[in-house]
Amino acid sequence: MTTDLQLAPLGLDNFRFIRDLLQREAAIVIESGKEYLVETRLARVATRNGYASVNALIEQMRFGTGIHPNLISETVDALTTNETLFFRDANPFDALRDQIIPEFCAKRPGATLNIWSAASSTGQEAYSIAMLLAEHFPNLSTRIVGTDLSPTVIARARAGLYQQIEVNRGLPAKLLIKYFRQDGTNWQIADSIRQRVEFREMNLIRPWPVLPSCHVVLIRNVMIYFDIETRRQILRQLRQVLAPGGYLGLGGAETTVTVDPAFVPVPVGRATFYQL
Ligand SMILES: C[S@@+](CC[C@H](N)C(=O)[O-])C[C@H]1O[C@@H](n2cnc3c(N)ncnc32)[C@H](O)[C@@H]1O
């Protein structure tokens, strides 16, 4: 096993190969000029798999025979951006607490509220909702599903174990004390919250598994990485998944306007959601 990685600039053809691979496997667009990103993110994959350099790793994928399929998925996984935090952007969570969920309870008493956190990364978004429900709607029947392309982040989300720096971001101290237990330098989320969320691997650009009809879908900070045609296809499929009267939440830099006019932006408190 090689431990000292040779640092050499990424060859242009190697960069193009990775760019095309990522586009094909995940729809993620990496622009020229982002070679450093590929180099740094693939350095660990190269070391772990015994390649002398990132170029050698990529050349094995380009020209080698009998490549283990895990090498491709490990490469794609390493190139995803998994940035997330608890209660990210706050306003959508306030809108859920103050308007969307009370409206659901009033209109559908006794029904189960289905929520999908798509591209959930390490689970902070889905667990934020689970904590919000435990705090404010303890008797409401709910099903929360979190999905992501990356097996690494799904494993982390299922484990519900977070570093100090992660619980310092966005999580109110009151909820940290109430729903987490310190485990060495990490924090373990309570089983009562963990059990409320189901995490699964799912690639948004591959055929979708059967999903429950969802009253709330959050698909935030992922479509920014996709080209317009991919966004359009995903929104088209979301039309089938969103329950009548359901709410779609996107990231602050994302919109359906200009992509799919079937969705109408609706202000809810200080947040914007989209409805059919
Ligand atoms: C920046 S994170 C956003 C996490 C969370 N939604 C949030 O807003 O905090 C983007 C996530 O999208 C996932 N992702 C990227 N391409 C994907 C695809 N084609 N299918 C499913 N998930 C994907 C990545 O693995 C990553 O965890």
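The values are calculated or read from the model by the stated rules, or taken from the named source; none is laboratory data. Worth saying up front: this structure is predicted, and the values here are computed from it rather than measured. Positions of Cβ are backbone-derived with ideal geometry, glycine not excepted, and every protein chain shown enters the neighbour counts.
Only residues that are without any contact (Cβ under 8 Å) to a residue 24 or more places away in the chain and of a type in the set (D, E, K, R): list them for region 83-140, please. Selection gives E103, R108.
So which of R16, R97, R62 is in a helix (DSSP H, G or I), modelled with pLDDT of 95 or more and not assigned by TED's automatic domain parsing to the domain that holds R206? If you could, list the steps in order and put the result at the bottom.
Details: R97 fails: not assigned by TED's automatic domain parsing to the domain that holds R206; R62 fails: modelled with pLDDT of 95 or more.
Criteria check complete, one pass: R16.
Pairing each residue of region 150-164 that is assigned by TED's automatic domain parsing to the domain that holds I205 with any residue that is part of a helix (DSSP H, G or I), provided the two are 6+ apart or on different chains, yields C-beta distances under 6 Å for S150/D77; T152/D77; G160/R194.
G269 passes every criterion in (1) in contact (Cβ under 8 Å) with a residue 12 or more places away in the chain; (2) within 17 Å of C214 (Cβ to Cβ) apart from (2).
Okay, residues lined up against (1) assigned to a loop (DSSP other than H, G, I, E, B); (2) buried (at least 16 other Cβ atoms within 10 Å of the Cβ):
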| site | (1), (2) |
| --- | --- |
| R156 | no, yes |
| L171 | yes, yes |
| L175 | no, yes |
| E198 | no, no |
| R206 | yes, no |
| L211 | yes, yes |
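Set side by side, the residues R196, R200 differ, and just one is in the same structural domain as S120 (by TED's automatic domain parsing) and away from the ligand (no atom under 16 Å from the Cβ), which is R196.
For region 19-42, residues that are away from the ligand (no atom under 15 Å from the Cβ) and β-branched (V, I, T) total 2. When E125, E135 are checked against the criterion of being crowded, with 24+ Cβ neighbours inside 10 Å and either modelled with pLDDT of 95 or more or in a helix (DSSP H, G or I) (or both), a single residue qualifies: E125. Name the one entry in F104, F87 that is in contact with a strand residue (DSSP E or B) (Cβ under 8 Å, 6 or more places away or on another chain) and under 30 Å from V217 (Cβ atoms). Answer to the selection: F104. Residue by residue through region 221-276, note down the ones that are over 23 Å from P207 (Cβ atoms) and of a type in the set (K, R). R270 - this is the single residue of region 221-276 that is over 23 Å from P207 (Cβ atoms) and of a type in the set (K, R). In region 15-29, the residues that are buried (at least 16 other Cβ atoms within 10 Å of the Cβ) reach residues that are of a type in the set (F, W, Y) with C-beta atoms within less than 6 angstrom, at least six apart or across chains, in these pairs: A27/F226; I28/Y225. Being surrounded by 15 or more Cβ atoms within 10 Å (Cβ to Cβ) and over 21 Å from D89 (Cα atoms) holds for only one residue in V268, V217, V241, and it is V241.
Hey, among the residues in region 74-93 that are surrounded by fewer than 17 Cβ atoms within 10 Å (Cβ to Cβ) and more than 10 Å from the ligand (Cβ to nearest atom), which one's nearest to the chain's Cα centre (by Cα)? So the residue we want is A90.
Of all residues in region 100-121, none are closer than 19 Å to V268 by Cβ, assigned by TED's automatic domain parsing to the domain that holds N168, of a type in the set (D, E) and within 16 Å of the ligand (Cβ to nearest atom).
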